[in-house]
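Enquirer: Have a look at this one.
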Amino acid sequence: MNNKKVLYLDMDGVLVDLETNIQNHFKEYPYQKHLYKNFPDLINNIFLDPPPVEGAIEAVKKLEESGKYDLFIATAAPWGNHQSGSHKRIWIEKHFGKFFKKKMFITHRKDMLMGDYLIDDRTTNGAGEFRGEHIHFGTEKFPNWNVVVEYLLNQN
Ligand SMILES: [Mg+2]
């Protein structure tokens, strides 16, 4: 029987360094800054090829190798950027191959996901109301992947 814990991973700010990609975009196209600075999610192709967050790829590997967790993606795809869902799916495949094949939830209602843990850098899109444990990435308690992996590997 599978007694692994179900663990969801948010993308932007957890696996994906979207912020760096946005800043690089504004450096390359400074005239777009006034258009998009408040709505960077709407920049064309912004979700297609951002760099990973430091340590994220290795962390997923370690969590998988522990045998303790069944890993899923839980990400909101901005409604106003209709390419974002497919670009996020392409990003996942580029960095993880087939590992997350058919294990990706695109939703603005993370509170409706059933599971044990959600690693998310924000409380929006239902993350703050997730019914398992919300591991709030980037906070003092969980500042980076090293701390999060150590915490999770020490859970029963
Ligand atoms: Mg996020």
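Enquirer: What value in Å³ per residue do you get for the convex hull of the alpha-carbon atoms in segment 71-156?
Expert: About 112 Å³ per residue, rounded to a whole number.
Enquirer: Roughly how many whole Å is it from the C-alpha centroid of segment 71-109 to that of segment 11-40?
Expert: Each part reduced to its Cα centre gives a spacing of 19 Å.
Enquirer: Okay, next question. Taking the beta-carbon count within 10 Å as an exposure proxy, list Trp145, Trp79 from fewest neighbours to most.
Expert: Ordered by Cβ neighbours within 10 Å, fewest first: Trp79, Trp145.
Enquirer: Assigning unit charges at the beta carbon (Lys, Arg +1; Asp, Glu -1) and nothing else, what dipole magnitude in debye, to the nearest 20, does the chain show about its Cα centre?
Expert: On the way: 20 positive and 21 negative charges, 100 e Å.
Using Cβ point charges on Lys, Arg, Asp and Glu, the chain gives about 480 debye.
Enquirer: Using θ = phi - 60° and the Karplus relation 6.51 cos²θ - 1.76 cosθ + 1.60, list the HN-Hα couplings for segment 87-101 in order, rounded to whole Hz, with x at every Gly or Pro.
Expert: With the stated coefficients, segment 87-101 comes to 5, 5, 4, 5, 4, 4, 5, 4, 8, 10, x, 8, 4, 9, 4 Hz.
Enquirer: Further question on the same structure: Under the Karplus relation 6.51 cos²θ - 1.76 cosθ + 1.60, θ = phi - 60°, what is the ordered set of whole-Hz ³J(HN,Hα) values for segment 115-124, x standing for Gly and Pro?
Expert: x, 9, 9, 10, 9, 8, 8, 9, 9, 7
Enquirer: Under 5 Å between amide H atoms, partner at least 5 residues away or on a different chain: which partners does Ile135 have, H built in plane at 1.01 Å?
Expert: Leu118, Ile119, Asp120
Enquirer: Here is a follow-up. Compute the long axis of helix 56-65 from its Cα atoms, compare it with the longest principal axis of the Cα atoms of the chain, and write down the angle in degrees, 0 to 90, nearest 10.
Expert: Between helix and principal axis, roughly 20 degrees.
Enquirer: Just to be sure I understand: of the beta bridges DSSP finds with both ends in the chain, what percent are antiparallel, rounded to 5?
Expert: Working: 1 of 17 bridges.
The answer is about 5 percent antiparallel.
Enquirer: When we measure straight from the Cα of Lys4, which aspartates and glutamates land under 19 angstrom away, once same-chain ones fewer than 8 places off are left out?
Expert: Glu64, Glu65, Asp70, Asp116, Glu133, Glu150
Enquirer: Report, in degrees rounded to the nearest 10, the 0 to 90 angle that the Cα long axis of helix 18-28 makes with the longest principal axis of the chain.
Expert: 20 degrees
Enquirer: Computed from the mean reciprocal separation of all distinct C-alpha pairs, what Kirkwood hydrodynamic radius does segment 44-101 have, in Å?
Expert: Numbers: mean 1/r = 0.0797 Å⁻¹.
Over segment 44-101, the inverse of the mean reciprocal pair distance is 12.6 Å.
Enquirer: Å³ per residue of the Cα convex hull, for the chain?
Expert: 116 Å³
Enquirer: I've got another one for you. Hey, got the dipole for segment 27-91? About the Cα centre, +1 on K and R Cβ, -1 on D and E Cβ, debye to the nearest 20?
Expert: Details: 8 positive and 8 negative charges, 44 e Å.
Result for segment 27-91 is approximately 220 debye, rounded to the nearest 20.
Enquirer: Could you work out the relative contact order of segment 40-99? I mean the mean sequence separation of Cα pairs under 8 Å and 6+ apart, divided by the number of residues, in percent.
Expert: Values: 32 pairs, mean separation 29.2, N = 60.
Once normalised by length, the contact order is 49 percent.
Read the figures in this text as sums done on the coordinates, not as results from a lab. Here the structure is a predicted model, which is why all the values come from computation and not from measurement. Cβ coordinates were reconstructed from backbone atoms using ideal geometry, including for glycine residues, and neighbour counts include every protein chain displayed.
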